[in-house]
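This report refers to the structure that appears directly beneath it.
The values are calculated or read from the model by the stated rules, or taken from the named source; none is laboratory data. The structure displayed is predicted, hence computed values, not measured ones. All Cβ positions, even for glycine, are placed from backbone atoms using ideal geometry, and neighbour counts span all protein chains on display.
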Amino acid sequence: MDAGRSPPDWFPDWSGECVAIVAAGPSVKQDEVNKLRDRIHVIAINESYKLCRWADALYSCDKMWWDLNKGAKDFSGLKITQCDQAVKVYPDIKKINIRRTQNNVVHEFLMDKAGEVGGGGNGGYQMLNLAVQFGATAVALLGFDCCSPDIQKPHWHGRHPSPLNNPIQTNFVTWRTHLDNAAAKLAQLNVDVVNCSPISTVSKYPRLTVDDALKRWTL
């Protein structure tokens, strides 16, 4: 990251450490998430914090999600969003930016300004970018399926309730494209990213079980 740009004062220092990001793909299992506790930093995306209320951080893009979950008052870790309206209503949530040029979202993996990330079409990509800005050098991806065998269950928890949106096939294609496109940049940064989803369509990262990922990093 640009040495001339100081990170926000709430940024954790995870330099040289390992992180697991728990997204909400249908492959996520509670017993696999439990293996992460007290062994690795964990960032949960949306409803997945309910599988790991002990996680270090929780991220949701949308104010509607925070409203439906009453600001996730039952979560004591770091709360993060990219939504201006959410931080006005819930002052304990920290704000990041998704880079835009005029009205277009930038989907590149960004390291030049702390707290500003590429969009990637989804919160999992955004938190992968942020985790590396925190200093992580190894990241395990859980629930980054970018597919759903059952359209009625696009997430491990089923469908989001109205008025939240649920993904369709074109969303999955977009998400996996941006995730795969980030692989070259992550390799340049010497960040070891592994994919712990057994059904993921994301193809550019080594596929490991959670157990094997923890062994890989001697955790």
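Out of curiosity, is Gly121 modelled with pLDDT under 95, part of a loop (DSSP other than H, G, I, E, B) and touching a Phe, Trp or Tyr at 6+ places or on another chain (Cβ under 9 Å)?
So Gly121 fits the description; yes.
Mind checking whether some residue in segment 57-65 is modelled with pLDDT of 95 or more, touching a strand residue (DSSP E or B) at 6+ places or on another chain (Cβ under 7 Å) and among the hydroxyl-bearing types (Ser, Thr, Tyr)?
So far as segment 57-65 goes, yes, one or more of its residues are modelled with pLDDT of 95 or more, touching a strand residue (DSSP E or B) at 6+ places or on another chain (Cβ under 7 Å) and among the hydroxyl-bearing types (Ser, Thr, Tyr).
I'd like the residue in segment 125-157 that is surrounded by 23 or more Cβ atoms within 10 Å (Cβ to Cβ) and on the phi > 0 side of the Ramachandran plot and, out of all such residues, is modelled with the highest pLDDT.
The qualifying residue modelled with the highest pLDDT is Gly143.
Could you please tell me which pairs satisfy a Cβ distance under 7 Å, a separation of 6+ or placement on different chains, a first residue in segment 119-139 that is farther than 22 Å from Val173 by Cα and in contact (Cβ under 8 Å) with a residue 40 or more places away in the chain, and a second residue that is in a loop (DSSP other than H, G, I, E, B) and small (Gly, Ala, Ser)?
Partner pairs satisfying both residue conditions: Gln133/Ala114; Gly135/Ser15; Gly135/Gly16; Thr137/Gly16.
Go through segment 40-56 and give me each residue that's touching a strand residue (DSSP E or B) at 6+ places or on another chain (Cβ under 6 Å) and of a type in the set (D, E, K, R).
Result: Asp56, single match.
Whether any residue in segment 29-43 is acidic (Asp, Glu) and touching a helix residue (DSSP H, G or I) at 6+ places or on another chain (Cβ under 8 Å) is what I want to check.
Yes, the conditions are met somewhere in segment 29-43.
Residue-by-condition table, conditions (1) out of contact with any Cys (no Cβ under 9 Å at 6 or more places or on another chain); (2) surrounded by fewer than 19 Cβ atoms within 10 Å (Cβ to Cβ); (3) closer than 25 Å to Lys63 by Cβ:
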position: Arg159; (1), (2), (3): yes, yes, yes
position: Asn181; (1), (2), (3): yes, yes, no
position: Leu189; (1), (2), (3): yes, yes, no
position: Val193; (1), (2), (3): yes, no, no
position: Ile199; (1), (2), (3): no, yes, no
position: Lys204; (1), (2), (3): yes, yes, no
position: Arg207; (1), (2), (3): no, yes, no
